[in-house]
1. If the Cβ limit is 9 Å and pairs must be 6+ apart or interchain, which residue in the range 531-548 that is polar (S, T, N, Q) pairs with which residue that is modelled with pLDDT of 90 or more and open to solvent by less than 40 Å² (accessible area, probe 1.4 Å)?
2. Is it the case that some residue within the range 179-195 is within 29 Å of F372 (Cα to Cα), surrounded by 13 or more Cβ atoms within 10 Å (Cβ to Cβ) and modelled with pLDDT of 60 or more?
3. Could you please let me know if R433 is open to solvent by 60 Å² or more (accessible area, probe 1.4 Å) and closer than 21 Å to P253 by Cβ?
4. Can you pull out the residues in the range 375-408 that are buried (at least 17 other Cβ atoms within 10 Å of the Cβ) and within 27 Å of the chain's Cα centre (by Cα)?
5. It is to be established whether one or more residues within the range 256-269 are assigned to a loop (DSSP other than H, G, I, E, B) and of a type outside the set (G, A, S).
6. Among the listed residues L502, L542, L529, identify the single one that is open to solvent by less than 50 Å² (accessible area, probe 1.4 Å) and under 22 Å from N622 (Cα atoms).
7. Can you work out which of the residues in the range 505-515 that are touching a residue at least 24 places away in the same chain (Cβ under 8 Å) and open to solvent by 10 Å² or more (accessible area, probe 1.4 Å) is nearest to E637 (Cα to Cα)?
8. Which of the residues belonging to the range 232-247 are surrounded by 15 or more Cβ atoms within 10 Å (Cβ to Cβ) and more than 16 Å from D217 (Cα to Cα)?
Amino acid sequence: MEEQKKSESGRRSSDQGKRQFSRPGKGKRSGQQNRPDDDFNWNKVLKVVLSWSAIILLVFLVMTLFKGAEGNEVEVTYTEYQQFLHNNEIHEATIKKSELSNYDFHGTLKEPRRLQRGGKDVMFQKFTLTLPILDSDVIKDWTDRGLKFTVVREDNAWISALVGALPWVLLLVVWLIIMRRMQGAGPKGIFSFGKSRAKLLSEGAPKVTFLDVAGADEAKIELAEVIEFLKEPTKFQKLGGKIPRGVLLLGPPGTGKTLLARAVAGEAGVPFFSISGADFVEMFVGVGASRVRDLFEQGKKSAPCIVFIDEIDAVGRHRGAGLGGGHDEREQTLNQLLVEMDGFEQNSGVIIIAATNRPDVLDPALMRPGRFDRQVVVDRPDVKGREGILRVHTKNIPLSENVKLDVLAKGTPGLAGAELANLVNEAALLAARQNAKAVTMRHFDEAKDKVMMGMERKSMIISEKERKVTSYHEIGHVLVARMIPEADPVHKVTIIPRGRALGLTTYLPIDEKHTYSKGYLEAMITYALGGRAAERIIFGELTTGAGNDIERATEIARKMVCEWGMSERLGPLAYGQKDEEIFLGRQITRHQNFSEQTAVLIDEEVKKIVNTCMKRAEKILNDNLDTLHRLSLALLEREILDATEIDTIIRGEELPPPEERGNGQPVPEDKRPTEAAAPKQNPNVTK
């Protein structure tokens, strides 16, 4: 019976959380009820202080301006006062002393007088002026002349107190405004340092569902199971299953981790809090840990709910890393996060979904089951996934009949979801610039070249000699790759400068490769060095254009020897340590785990692999010298050759007439620039 009561209580709390999340107009306050800080509204306090300060200041100014303007008194000059006094025209006078002025003389004449004031005659009998001093000589003079006078003191103590307190009031108001702005003008004012900045997804916000996510089927299945657990917990609890504490989304940038979290928010039907890892850390010590506690308090009040932490590596890095010791603000925040996820108190109903592209730097205590029970890898999509992503992003774009998304997906290996979305957007923009009614395959091809190879730099001035060298260099890559069975098929070659390269050759693998054979790696090194071999054979000299090719070839050869055990002399051993250790700060200097003699052998093996591949590339080009010349001349003429045109030339057939200039026709000879302008640091890049 007790177990049955517990399950019924759990269902009631779950239904209550759902009703609270779906209540119209109340989503913003969900999970924040009965807070002591909410009873005191600092916004109202600040408004009241500012309002009363303005009113008091206005009253004080009015009283100061109109002080002394009693009856029909006319303000006279000191010279006119001396004249009245010497002529015994003053009947009586009252002298008022205050702390805000000197001495105010209020006199009454025996008979009315007429004076010029502002170009008009003014009739008056009472006058006033300010005396700078009142001493015994002045009083004796008044007494000798028989002037009746009275000295009184004005009671302006409240004005004096106001003037003394006004600067402090203004200082307090300025301090309140500055502190509110430092805290981003949060709803709790200056006392919001330790409050969580998690945003609760509102009911009326536009939703993303799993239908908007493609290319991550396994991740969708894992997350859909979590959502189903929240909606129907008894389905799993009756078999003894427990709700997972956390799900960690791992993957390269742009693969859709945050998009998956947004889809979970759209599908869940329970409160969904989202926060960034950087929002926990502030300039004040202890704020991060306080915000973690407040976040989980909100989650408990809204349970069952989902909390999404984006870029969790900002607070989840390995403890004890770096040179500054282990006790810092970030580690306090991480410790509090570990305790809240699986500490002494059990947090039932709060599921954490976190995303990061740096799982190697996360603390092992954060990765263990009980905190993150599931680690979902969101990798780059395969051909099927890329086609699905393209269909999602093109559903609101008018497409021409010749657009084949499956062909486009095969031609974009290695691109992530964000890059594919950018490709579709570039194609749509290109079609709009050309006033097209629909996006065609040509628009997608041009956008793909722009995304994968860089933007064309048609205005760059290149001499004829440089163009010829670049042409033979790129054809060297093409011809060598074409003659090696293990190499990837050549997709396109161009000598139009793109990005930082003078020329580019792109390859498209037939199948998705996840492991690489030794023959395939040697083929990559060989056709990477094909450009350098062509320069040496044709021109008898070497240029800086092969700098990037040599770097890539050396990197592959060194990995073959040191990481993949593909050297017969050194055997299946791993040599050297990876840079992640240095990044984590676990060691200050990098120590090689092999002897000096082994280092010499490694260098010899790397050099042997590269030199062997270089000789192989030169032999292939020497055996096909006529084809090399024909391909280079065709590339000089058309500037761009695709796979079909390359195969046509290799078979010895004539190319069809070139298309219009917008589709690849070369620039006429009379319009080509002839002035040499050798660019700096523009090595040819082979992809």
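The values are calculated or read from the model by the stated rules, or taken from the named source; none is laboratory data. Just so we're clear, the structure is a prediction, and the values are computed from it rather than from any experiment. We place every Cβ from the backbone using ideal geometry, glycine too, and count neighbours over all the protein chains shown. SASA here: full protein model, heavy atoms, side chains in, ligands and nucleic acids out. Shrake-Rupley method; radii C 1.70, N 1.55, O 1.52, S 1.80 Å.
1. Listed by first residue and then by second, the contacts come to T543/V469; T543/H473; T543/E535; N548/A528.
2. Yes - at least one qualifying residue is present in the range 179-195.
3. Working: open to solvent by 60 Å² or more (accessible area, probe 1.4 Å): yes; closer than 21 Å to P253 by Cβ: no.
Against the criterion (open to solvent by 60 Å² or more (accessible area, probe 1.4 Å) and closer than 21 Å to P253 by Cβ), R433 does not qualify.
4. If we filter the range 375-408 for residues that are buried (at least 17 other Cβ atoms within 10 Å of the Cβ), which is where we start, we get 376, 378, 380-381, 385-390, 392-394, 399, 403, 405, 408.
V376, V378, R380, P381, G385, R386, G388, I389, L390, V392, H393, T394, listed by residue number.
5. First, the residues of the range 256-269 that are assigned to a loop (DSSP other than H, G, I, E, B): 256, 269.
Pick out the ones that are also of a type outside the set (G, A, S) and you get none.
No, because not a single residue in the range 256-269 is assigned to a loop (DSSP other than H, G, I, E, B) and of a type outside the set (G, A, S).
6. Testing whether each residue is open to solvent by less than 50 Å² (accessible area, probe 1.4 Å) and under 22 Å from N622 (Cα atoms) leaves just L529.
7. Going through the range 505-515, the residues touching a residue at least 24 places away in the same chain (Cβ under 8 Å) turn out to be 505-509, 512.
Okay, now just the ones that are also open to solvent by 10 Å² or more (accessible area, probe 1.4 Å), so 506-509, 512.
Details: T506: 19, Y507: 22, L508: 24, P509: 27, E512: 34 Å.
This residue is T506.
8. At the first step, the residues of the range 232-247 found to be surrounded by 15 or more Cβ atoms within 10 Å (Cβ to Cβ) are 233, 237, 243-247.
P233, Q237, I243, P244, R245, G246, listed by residue number.
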